[in-house]
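Please read the structure below before turning to the comments.
Every number in this text was worked out from the coordinates using simple rules, so none of it is lab data. These numbers come from a predicted model, not from an experiment. Here the Cβ is made from the backbone with ideal geometry for all residues, glycine too, and neighbour counts use every protein chain on show.
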Amino acid sequence: MKHSILLAALLAIAGCSSMGVEAWDRDILAKDEMQLTSDPVEAALDDHIYFSKEASSGGRGFGGGGCGCN
Amino acid sequence: MPGQRPERTVEIAKGTDCWRGTFFAMGSPCELLCEAGNERDAKVLTAIAADQAWRIEDKFSRYRSGNIVDRINTAAGAAVEVDAETARLIEFATQLHTLSDGRFDITSGVLRQAWTFDGGDRVPAASVVSAVLQHVGWHRVDWSGTSITMPAGMEIDFGGVGKEYAVDRVAGLLRDHSGIACMANFGGDLAVTLPPVRREAWQIGIESLQGESARPERVINLKTGALATSGDAQRYLKKDGVRYGHIIDPTTGWPVKDAPRSITVAADTCVQAGMLSTLAMLEGAGAEEFLSAQGTEFWCLREP
Amino acid sequence: MVAAVLAAAAVAATSLVMSDKKMRKKNSKQISATLATATCALLGGTMPSPVQAQEEPGWDFNTALLYYGEDEDRVQDLSLNILATRTFDDDRSLTLGLTVDGLTGATPNGAIRQNVPQTFTQPSGKGTFTTPAGELPIDDTFRDTRVALTASWQQPLGRLYKLSFGGSASKEFDYLHLGVNAKLARDFNNRNTTVSAGLAFSHDEIDPIGGIPQPLTPMLDVGDLSNRGGTDTKDIIDFVFGVTQVVSRSLLFQVNYSFSDSSGYLADPYRIISVVDGVTGDTIPRPVPLPPGADGPSHVFAFESRPDSRTKHSLYGQAKYYMNGKVLDASYRYMTDDWEIDSHTVDLRYRWPIGGSSYLEPHLRFYTQTAAEFYTPSLVAGAALPAYASFDYRLGDFDATTAGIKYGWKTRRGSDMSVRVELYQQRGDIPAGDLIGNQVGLVRYPDLDAVIVQYSYHFGK
C-alpha cells in the first residue's frame, strides 16, 4: 500500500505540470490566510491537544508529541 | 489610459500614527503619508501633493491634447519653443541619453507600435522593427536649449521620468511648505520629505513571493531619500523559451533579454532612483553588477 | 508598522536576491555622480539629504495563551507559547519556540466503575486515594509544568531547493524528550509544485514517579515498589513525503504521506486495568486483608501492557480555497497502524473577513477512531493473561467533534490579535462483546467534554 501511495504521488506531480499560475498571479497565494499553515502556533497547540487525547498525530508535518501525555 | 479619466478626488484617513491622503494620478494610486497634527493639516498637505501631481500629469502626459508634449509631437518638423520647466526635462533627457550610451531615449515611445506585450509570443518581423526604428533616436532631434525641432513621425514621451519627477517636485514643495515629515508614494515610486518623528523611519514593505509557504516580507527603513521600482508585471513576451521583458532597448528596437522581473533602487531623489532602476533593467543579465558598481542599495527580483 | 507597500512590480516578483555591495569596476561605468548633477539641474533648488535606507532585520513574534479544561474535575491545562522568527538576507531564517504549560486535574486511570468505593495506591506508592461508588475512577497524579523548546533553521539551497533542519527538547518531571528533524523541498513547474521529504528522530526518556511498573503485575500496597523501578526509553522515527500544488490563483492543495515507527516503552506507567470475575464482571476485591496500619488498593488491579513497537501510516490532504476575500480550509487525514487503530479526521475552517481588518473563522473538526487490538475494559481473574491489555480511553473506539469560532483583528499598530473558543467532545462505545456480566450498563466509555480558549498576539517585523 505504501508503494502505491508513493506512485500515485509521483504520477500526480507529472500530471500537475499543466496546473498553476505565473509568478505575478501569486498575489492571493501570498496572503497570510492562504498559507497552508497560516498560524503555526495554533497548529502546534491543536496538534498537542489532539496528540494527548487521541491515538493519531501529525499528518501535516511531523508526528508531534514528545511529551508524557500519552 | 486615454478615454477613461479617473476622478480627481482626494481622500483622507487616519492611520496608526500618521495621516494618509490618497488620490489617483499618472495612472497610479498615489498616497501621501504625513505626521500632521490634525486632519486639516493633512488635507492641506495632500492637496498640495495632488495638485502638483495633476499639474504635471496635465502638462506632460502624452494622452492630453493641447499640452506642450502634444504640441511637440504634432509639430511635424517645425520648431517648438518650450517653457523653462519643459526645457529642464529635455536637458535632463539629453544628458541621460549621453550618459546611458543612447539607452535612455525619450523618443523611443513609438516602438510600442511594433510590440505587443501580452504574454503571448507574437514577435514582430525584423522589417517592421527597423521601419519603426527610423523614427527613434535623440540624435535626430535638434535641441537648442530653448526650442526643439523633431522630424515628422517622431514623438517624445516623458513616461520614463515623469512619475519620479512628480514625486521629487511634490517632496520639495512639501519640504518648503512645512516641517511636517511626509512620504509621497506614487504607485511604488516614493520619496521622503523629512525623517519621521513619531517612529524610527518610514517603513516600506517589499513582498516577495515564494512557491509555497514562508513568504518573507522584507521591510526597508527609509529615513531620508527615495525608492523607485522598475518592473514588468504582466507585460512581457515569451517565444521559443526566451523571455523578453517589456523594456525595449532604443538602440536595437528589441526588448532586453534576461532582464530581472523587477528592480527597486534607493537613492537621494526619486528621479535618480528611477533612472538607475531603468538603466539597470536595460543591462539585462548585468543588472546587479551595474547597480553594485554604482554603490546604491537595491533589490533585484529574477525569474526562477 | 508598514507605512506603504510598493504596489507595482514588487508583487509580481518570484524570488528575491539581495546583492552584495562590493565595488565591481569591470564593465560598469560609475554614472551616479553625473546622474546626481543632472538631477540637481532638473529639480533646481537644494537637493534633499542623502538617502538613508536600511533593511529591517526582521523579527516576527507569534505568541499565544491557551486554556484547556475538561469537565468533571478532569484535566485542566494552561499554556504559554512563543514562536520567534528572525529572517536574514537571502531568505534564511531562524525560528525559536518556547512552550511552558501547567497541567492540573485528574485523568481516568483505566479502572472500571464499580458500585462500591474503590481505593487505589498512588503512583508514587506513598499513599492512596478513593473513588466513591458509582463514579469513574480518576487519578489525580501530581503533574507539574512542562517546558518545551524548539529551534529550526531554514534556508534556500540554490534556486529551487529549500532545506530546513531543527531540534526539539521538552522536560516535565517524569519525561524527557529530545528530537532532531530535517526536511528538503524542491520546486517544480515554475514553483507551482513543491515536493518535500522530511525525516525526524526522537529519543524520549520515561522516568515515572515510583519507577516503571512491570506490565500486567498487580498494583501493590503503599510502600511496596517491588514490581516497579527504573526508567525506560522510547525511540521514534518519522518520515514525511509531501506534494504541494498550486491549482489556480485562488486554490492550492497539499498531499502528505507519513510513516512513523515507535519502539521502546510505549505504555502509560500510571494506567491500570481492573481484574474481574469471569461471570459477574465485578472487580475482584483484594484477596489478602490489609495488615494493621497499612494501606493499599481495595481491589485487584494490574498495570497495563502495550506492545513495544508501533508502526503508523497516514495520508493527509489539505486544500485552501479563496473566494472573494473568504478562505475555506479543508483537510482530511487517514491513519492506520499495527495496533489495529484506524482513524479519519476531517477539519474545516472558513475565514470570513469583517470590515477591513477583522475576521471571523468558524471551525469544525470530526474525528473517529477504532479501538486498539488490545483495548479491553478488564482482565478476567484466573484466565490466561493476554500479551497486551489497556483500557486507556485514548486507545478506544470513539468519535470526537470540535466546534469553535475564532475572531481576529488588526491592532492600531498593525499587529494581529485573535481569540478563539472551541468545544471538544469525545463520545465512545465499548462493544457489548467486551463487557462481562454486571459491566453492561455500568462500564461506559469515559465521554469527554472540554473547552479550549486561546488568545493570540502576532507582532514584529
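Over all Cα atoms in the protein assembly as shown, the spread is summed up by Rg and Dmax: 34.8, 124 Å. Label sites at residue B:70 and residue B:149, each approximated as a point 7 angstrom past Cα along Cα to Cβ, lie 2.6 nm apart. Inter-chain Cβ neighbour count for B:101-110, averaged per residue, equals 0 (cutoff 10 Å, partner chain atoms only). Could you tell me how many degrees, from 0 to 90 and to the nearest 10, lie between the Cα long axis of helix B:84-99 and the main elongation axis, the longest principal axis, of the Cα atoms of chain B? That helix lies at roughly 60 degrees to the long axis.
Think of chain C as a dipole: +1 on every Lys or Arg Cβ, -1 on every Asp or Glu Cβ, centred on the Cα centre; then among C:211, C:382, C:398, C:398 lies furthest on the positive end. Relative to the globular-protein estimate of 2.2 N^0.38 Å, the Cα radius of gyration of chain C stands at 1.28. Compared with the dominant Cα axis of chain B, that is its longest principal axis, helix B:39-60 is turned about 10°. For residue C:440 and residue C:425, the difference between the fully extended length at 0.36 nm per residue and the C-alpha to C-alpha distance is 3.1 nm.
Placing dummy labels 7 Å off each Cα toward the beta-carbon, the span from residue C:73 to residue C:133 is 1.7 nm. The residue C:381 and residue C:417 beta-carbon pair, evaluated with R₀ = 41 Å, returns a calculated FRET efficiency of approximately 0.10.
Counting other Cβ atoms within 10 Å as a rough exposure proxy, the listed residues C:100, C:246 run C:100, C:246 from fewest neighbours to most. To the nearest 10 degrees, how steep is helix C:32-43 against the longest Cα principal axis of chain C, on a 0 to 90 scale? So the helix axis and the longest Cα principal axis differ by about 70 degrees. Length gained on full extension, residue C:33 to residue C:151: 37.8 nm, using 0.36 nm per residue less the C-alpha separation. Magnitude of the charge dipole for the protein assembly as shown, about its Cα centre and with charges confined to Cβ atoms of Lys, Arg (+1) and Asp, Glu (-1), is about 2900 debye.
Inter-chain Cβ neighbour count for B:295-301, averaged per residue, equals 6 (cutoff 10 Å, partner chain atoms only). Bin all alpha-carbon pair distances of segment C:185-335 at 10 Å intervals from 0 and give each bin's fraction as a whole percent. It works out to 9, 23, 20, 16, 14, 11, 5, 1, in whole percents.
The alpha carbons of segment C:352-408 stretch over 69, 13, 13 Å along the principal axes, in descending order. With 31 Å as the limit, the listed pairs C:171/C:312; B:43/B:223; C:126/C:171; C:171/C:326; C:234/C:406; A:31/C:171 have C:171/C:326; C:234/C:406; A:31/C:171 beyond it between alpha carbons. Counting neighbouring Cβ atoms within 10 Å and putting the fewest first, the residues B:143, B:138, B:202 line up as B:143, B:138, B:202. With a Förster radius of 56 Å applied to the C-beta separation of residue C:169 and residue B:91, the computed FRET efficiency comes to 0.25. With contributions of -39500 (n - 2.57) from each DSSP H run of at least four residues, the per-residue ellipticity at 222 nm computed over the protein assembly as shown stands at -5000 deg cm²/dmol. Once both labels are positioned 7 Å from their Cα atoms along Cα-to-Cβ, the gap between residue A:43 and residue B:40 label points is 5.2 nm. Under a 5 Å amide H cut-off, with hydrogens placed 1.01 Å from N, residue C:380 pairs with C:276 among residues at least 5 apart or on other chains.
Rounded to 0.05, the FRET efficiency of the residue C:65 and residue B:101 pair, given R0 = 60 Å and the Cβ-Cβ distance, is 0.45. Once you reduce segment C:169-183 and segment C:382-416 to the center of their Cα atoms, the two points are 20 Å from each other. Along the Cα-to-Cβ line of residue C:140, 7 Å from the Cα, sits a label point; which residues in segment C:96-115 have backbone N less than 20 Å from it? Under 20 Å, as judged by backbone N against the label point of residue C:140, lie C:102-114 of segment C:96-115.
Each residue of chain B gets 148 Å³ once the volume of the Cα convex hull is shared out per residue. Using θ = phi - 60° in the Karplus curve 6.51 cos²θ - 1.76 cosθ + 1.60, the 3J(HN,Hα) couplings for segment C:438-452 round to 5, 5, 4, x, 8, 8, 10, 5, x, 3, 10, 10, 9, 10, 10 Hz; x is entered for Gly and Pro. For residue B:130 and residue B:116, the difference between the fully extended length at 0.36 nm per residue and the C-alpha to C-alpha distance is 3.5 nm.
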